[in-house]
Structure formats: C-alpha cells, structure tokens
C-alpha cells in the first residue's frame, strides 16, 4: 500500500486492492519468520474433494487479510488460507499489515468496510479476513483461527499467565521475556496445526466459500 498514491486512485477499491502484496510477495519482504511463512504454506495439504470443488469454483472473490507479521496466529493461519485460495483462479488473497501508516490504513478500511465492521475490528484479534465480490461488497469475514483451536490456545494461556501481562510490559527485560514466549507459542502452534488444525481451518474456509456460492446460485434461480 503506497502513501503516495493520488487521491483519485485512493477512492477506487480495485486500484487500492492491487497495491497490496500477494502472499508470495509478502513472504519475500517479511522481516520476521520469512522462511517459516513459506514452510507453513508447503506444509498444508488440501483434501482432494476440496481441491476438486475449488477447481470448479465459480465465484470471483477478493480476500484481504489484516494481520500482524510476527503474531503466532498469523504465522499459523495465513499460510493455510493462502494455500487454499491458491487452488482456484477465481480467488485472490492480499496482505494488509497492521503496522502500515495508521492514517492511510484507516482511510483504506473506511473505503472497504462499513463503519460497524471497522468498530468490530478494533476489538478483534488478528488475523481477520474480509471477502469481497466483484462489486466490492463485503460478503464474509473470518478470523482469527478455526473454532477448534480456541480451547487449545486458552489452555496454553492459562499455563502461561505471564504472556498477556508481559505484552504490556515496556521494560527491556519484560519485552525480552514476552518475545521469548511469543516465539515459543509460534512454534508450538505450528505443531498443533500440522497435526490437526490445518485441516480444520481448510474445512471451515470451504464451508464459508461454498455457502457464498450457494447464496448466489439461490439468488440467480429466484430471478
């Protein structure tokens, strides 16, 4: 996303969307866990039935994910969704990092999202994915993780109550401890997803995508 874009272009969702990097471009520029993002993408296996369905997927959807580059959930989840969406030429994913220019980020969100969704986003954990149709209407939202992973993460946080406390500790010692814990959680999450939650994430996403396609088919049949 470029802060030097002319104001007229900033009002065109299609132009703005194209400024954001695709997953491969994001990986090439990532500072944290660059290699791990690529490895996570390669670790994901898409079930044959879903691959076949995605080959025939007819809806054109543009997906934007708002994410934090070094957040454990982003490292775990974003490559799974990128791998799934790569199975269909009708689906595209663009990456919007939350450390972009805050003023420009707010302007972009106002362009893409209704006010109520922006208000909810301020209270949401990242990553958050937004699905837009060809008219740039918001068709769906998903995040930050598959439902089946919620309990596992809560159990981990209960075992490490210092994680959330240290997150707001601005002392060098506190930040160092928090970064160590975040690094630990990132790699534990990788193991969780590779044993179970990659597939849960893929199937949740396929349920969402197929529901949107079914909605459009129902609308067409009613005309």
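The values are calculated or read from the model by the stated rules, or taken from the named source; none is laboratory data. As the structure is a prediction and not an experimental result, all values here were calculated from the model. We place every Cβ from the backbone using ideal geometry, glycine too, and count neighbours over all the protein chains shown.
Among the residues of segment 136-149, some residue qualifies, meaning at least one is touching a helix residue (DSSP H, G or I) at 6+ places or on another chain (Cβ under 7 Å), assigned to a helix (DSSP H, G or I) and surrounded by 14 or more Cβ atoms within 10 Å (Cβ to Cβ). Any idea which residue in segment 107-135 is modelled with the lowest pLDDT, counting only those that are surrounded by 17 or more Cβ atoms within 10 Å (Cβ to Cβ) and part of a loop (DSSP other than H, G, I, E, B)? Applying the filter and picking the extreme gives 113.
Which one of 77, 63 is under 19 Å from residue 197 (Cα atoms), buried (at least 18 other Cβ atoms within 10 Å of the Cβ) and either under 12 Å from the mean Cα position of the chain (by Cα) or touching a residue at least 12 places away in the same chain (Cβ under 8 Å) (or both)? Can you show your working first?
On the way: 63 fails: under 19 Å from residue 197 (Cα atoms).
Exactly one of 77, 63 is under 19 Å from residue 197 (Cα atoms), buried (at least 18 other Cβ atoms within 10 Å of the Cβ) and either under 12 Å from the mean Cα position of the chain (by Cα) or touching a residue at least 12 places away in the same chain (Cβ under 8 Å) (or both), namely 77.
Within segment 22-59, the residues that satisfy the criterion of being surrounded by 13 or more Cβ atoms within 10 Å (Cβ to Cβ), assigned to a loop (DSSP other than H, G, I, E, B) and at pLDDT below 95 are 30, 32, 33, 57, 59.
When the test is whether a residue is touching a residue at least 24 places away in the same chain (Cβ under 8 Å) and part of a helix (DSSP H, G or I), residue 158 does not pass it.
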